[in-house]
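Take a look at the structure set out below.
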Amino acid sequence: MEEVSVVASDHIGAHVGERVTLRGWLYNKRSSGKLHFLEVRDGFGIVQCVMAKADVGEELFAAADKVTQESAVEVTGEVRAHPKRPDVFELSATSFRLIAPTAAEYPISPKEHGTDFLMDHRHLWLRSKRQHAILRVRHTIIQAVRDFFDDDGFTLVDAPIFTPNACEGTSTLFETEYHGDKAYLTQSGQLYMESAAAAFGKAYCFGPTFRAEKSKTRRHLAEFWMVEPEVAFMDLAGDM
């Protein structure tokens, strides 16, 4: 029996001419006569799987036609280069399996949606191309920031999110009750990093901070991530 490798979409180009299996979620689907064009995303990219009725049989072809958006699927077939687009690869499907259908109609269809609607479905919006790309960029930036400080001898120290006092000003604090005492969501890890610098020489934190300012717009963040380094015995020349 032929052994078929399971591959990720970002490595599929290394398997041209081979039969492979791709597992993911049905991102989009269109049909043209005796062909289905299934766009399958697996978290690393999106691959178009071309399914011909002659290759899979009428029963499997009909079953694939009923699969709904974002259902989990498995497609096996031969990898081939796209005939018109360089460095793009697709799968000529010979086998198809529905792993898990969506429990209900997927709310984010290919049509345009308003931002408020998309924010209400944020956990699903992450699957879209733009949001997926934004988080990939964010991941790369965070990794670069950590590498910069790590390579320069800094020690990462995680500051608490609950704090007993203000750091930037009492008017922008999120206040909560903590076992009978007042506690606040942190505005900054600065005070903790000053103590950490006296222990490690160079320390930094990189985590969430909160500002309860009276502004509710998409351009004003009540929560954001901030990097804060502290260095012992630092002068202006060294800081620059």
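Helix 190-200 versus the longest principal axis of the chain: what angle, 0 to 90°, nearest 10, using Cα atoms?
The answer is roughly 90 degrees.
Identify all lysines with a Cα-Cα distance to Lys84 below 28 Å; exclude those on the same chain that are fewer than 8 residues away in sequence.
Lys29, Lys34, Lys53, Lys111, Lys129
Multiplying the sequence separation of His11 and Ser95 by 0.36 nm and subtracting their Cα-Cα distance, what value in nm do you get?
28.3 nm
Can you return the lysines within cross-link range of Lys182? Criterion is Cα-Cα under 27 Å, with same-chain partners fewer than 8 residues away left out.
Within reach: Lys214, Lys216.
If you rank Met226, Met240, Met51, Met119 by fewest surrounding Cβ atoms within 10 Å, what's the result?
Values: Met226 14, Met240 5, Met51 26, Met119 10.
Exposure proxy ranking, most exposed first: Met240, Met119, Met226, Met51.
Relative to the first principal axis of the alpha-carbon coordinates of the chain, what is the inclination of helix 129-151, with its axis defined by its Cα atoms, in degrees from 0 to 90 and to the nearest 10?
40 degrees
May I ask you to sort Phe148, Phe162, Phe96 by Cβ crowding, counting other Cβ atoms within 10 Å and putting the fewest first?
Listed from fewest to most nearby Cβ atoms, that is Phe162, Phe148, Phe96.
So how far apart, in nm, are the two label points at Phe174 and Ala72 if each is 7 Å from Cα heading toward Cβ?
Reported label-point gap for Phe174 and Ala72 is 3.2 nm.
Taking the Cα centre of the range 5-100 as the origin, how large is its charge dipole in debye, to the nearest 20, when only Lys and Arg (+1) and Asp and Glu (-1) carry charge on their Cβ atoms?
The dipole magnitude comes to about 220 debye.
Please list log₁₀ I(q)/I(0) at q = 0.11, 0.12, 0.17, 0.18 Å⁻¹ for the chain, using the Debye equation with identical point scatterers on the alpha-carbon positions.
These q points yield log10 I(q)/I(0) values of -0.80, -0.85, -1.19, -1.28.
Looking at the square roots a ≥ b ≥ c of the eigenvalues of the Cα gyration tensor of the range 123-198, which shape do they give, rounded for a/c under 1.5, prolate if a/b is larger than b/c, or oblate?
Taking the square roots of the gyration eigenvalues as a ≥ b ≥ c, the range 123-198 is oblate.
Can you sort Ile141, Ile12 from fewest to most other Cβ atoms within 10 Å of each residue's own Cβ?
Sorted ascending by nearby Cβ count, the order is Ile141, Ile12.
We did not get these values from a lab; they are worked out from the coordinates using the rules stated. Please read these numbers as outputs of a predicted model, since none were measured by experiment. All Cβ positions, glycine included, derive from the backbone under ideal geometry; neighbour counts span all protein chains shown.
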